[in-house]
Amino acid sequence: AVQQPANFPTMLKQQQARLKNLVPDGISLNKLSSSVMAQFRANPKLAQTDPMSVMGAFIQATQLGLEIGGQIGHCHVIPFKNECTLILGYKGMIELAYRSGKVKSIAARVFYANDLFNYSFGIDDTLEHIPATGNRGEMLGVYAIAKLISGGVHFEVLSKDDIEKTRKASRSGTSGPWRDHFDEMAKKTAIRRLFKYLPVGTELNRAIVIDERAAAGIQDNKETAEAVLEGDYHEEV
């Protein structure tokens, strides 16, 4: 065992060989590493968290094959006191849904007061959304809709009050993506609710568990890193 590096960038560089074994087929570890380092440099508070916690968040993202931050924005790493939290974005959820091979199409959209928006439930559920041109008014809610390879269609509609309840229940509800990308987090909330009705795979179920634990403030990133890197490091004393 060697002494644990004092910072995440050094740890990330040293662990490239081992991390390659965690990446799903067809996903570039270099691209994932570049995405987390861009996020790390952009947010100085991440350097103040436990580097093993940042590594654990990156390992979880790597196992899912999701890029952190940037234009793609599959997920985000958020500092909270001395810990780093991995938060999934709606684009990450959609990416994993497509990878399951069971979803033909999936989307999430915000609807506004001046849009034409109607939906009903019954023997044949219906949903119609025609965005207004020009001023669309205030945000009223969000919906997610998925078409399955098997031919079924499912959708989930959430009001702004529903979204606010989810935001307030999240430990990061006043910071990070909820503060900077509210619409994105609202879409993710609808997609996550929608997944209850879809035949999603093991990978996506794992992502949902990670995201729900993070929202509840359950931190196990450091333990994740220690388990994967077991035998490589001992703690500094």
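The values are calculated or read from the model by the stated rules, or taken from the named source; none is laboratory data. Keep in mind that this is a model prediction, so the values were computed, not measured. Note: ideal-geometry Cβ built from the backbone for every residue, glycine included; neighbour counts use all protein chains shown. When the accessible area is computed, the model is the full protein with side chains, heavy atoms only, and any ligands, DNA or RNA have been set aside. Shrake-Rupley method; radii C 1.70, N 1.55, O 1.52, S 1.80 Å.
From the helices alone, meaning DSSP H stretches of at least four residues, give me the mean residue ellipticity at 222 nm for the chain, per-run term -39500 (n - 2.57), in deg cm²/dmol to the nearest 500.
So the helix-based figure for the chain works out to -12000 deg cm²/dmol.
Bins of 10 Å, beginning at zero and ending with the bin holding the largest distance: percent of Cα pairs per bin for the chain, please.
Over the chain, the share of Cα pairs per 10 Å bin runs 7, 30, 33, 19, 8, 2, 0 percent.
Which helices count as membrane-span-like in the chain under these terms: full DSSP H, at least 15 Å along the axis by C-alpha, Kyte-Doolittle mean of 0.0 or more? Walk me through the numbers before you get to the answer.
On the way: long enough: 29-42 (20 Å, 0.16); 51-64 (20 Å, 0.87); 182-194 (18 Å, -0.61); 202-215 (20 Å, -0.09).
Counting only whole DSSP H runs, the qualifying helices are 29-42, 51-64.
Based on Cβ point charges of +1 for Lys and Arg and -1 for Asp and Glu, what charge dipole magnitude is obtained for segment 80-207 about its Cα centre, in debye rounded to the nearest 20? Present the calculation step by step, with values, prior to reporting the outcome.
Details: 20 positive and 15 negative charges, 101 e Å.
It works out to roughly 480 debye.
Please report, as a whole percent, how much of the solvent-accessible surface of segment 96-211 comes from carbon and sulfur atoms (probe radius 1.4 Å).
Summing carbon and sulfur atoms, their accessible area is 50 percent of the total for segment 96-211.
Please give me the summed charge of the neighbours of N221: other residues whose Cβ is under 11 Å from its Cβ, Lys and Arg +1, Asp and Glu -1.
-3
Using +1 at the Cβ of each Lys and Arg and -1 at the Cβ of each Asp and Glu in segment 126-237, identify which of A146, P131, V209 lies farthest towards the dipole's positive end.
P131
Between S105 and R206, how many nm apart are label points set 7 Å from Cα along the C-beta direction?
Rounded to a tenth, the inter-label distance reads 3.0 nm.
Roughly how many debye, to the nearest 20, is the charge dipole of the chain about its Cα centre, given +1 on each Lys and Arg Cβ, -1 on each Asp and Glu Cβ, and no other charges? Provide the component values of the computation, followed by the final result.
Values: 28 positive and 27 negative charges, 68 e Å.
Dipole of the chain, to the nearest 20 debye: 320 debye.
Need the list of lysines near K165 for cross-linking: C-alpha distance under 20 angstrom, and skip anything on the same chain fewer than eight residues off.
K187, K188, K196
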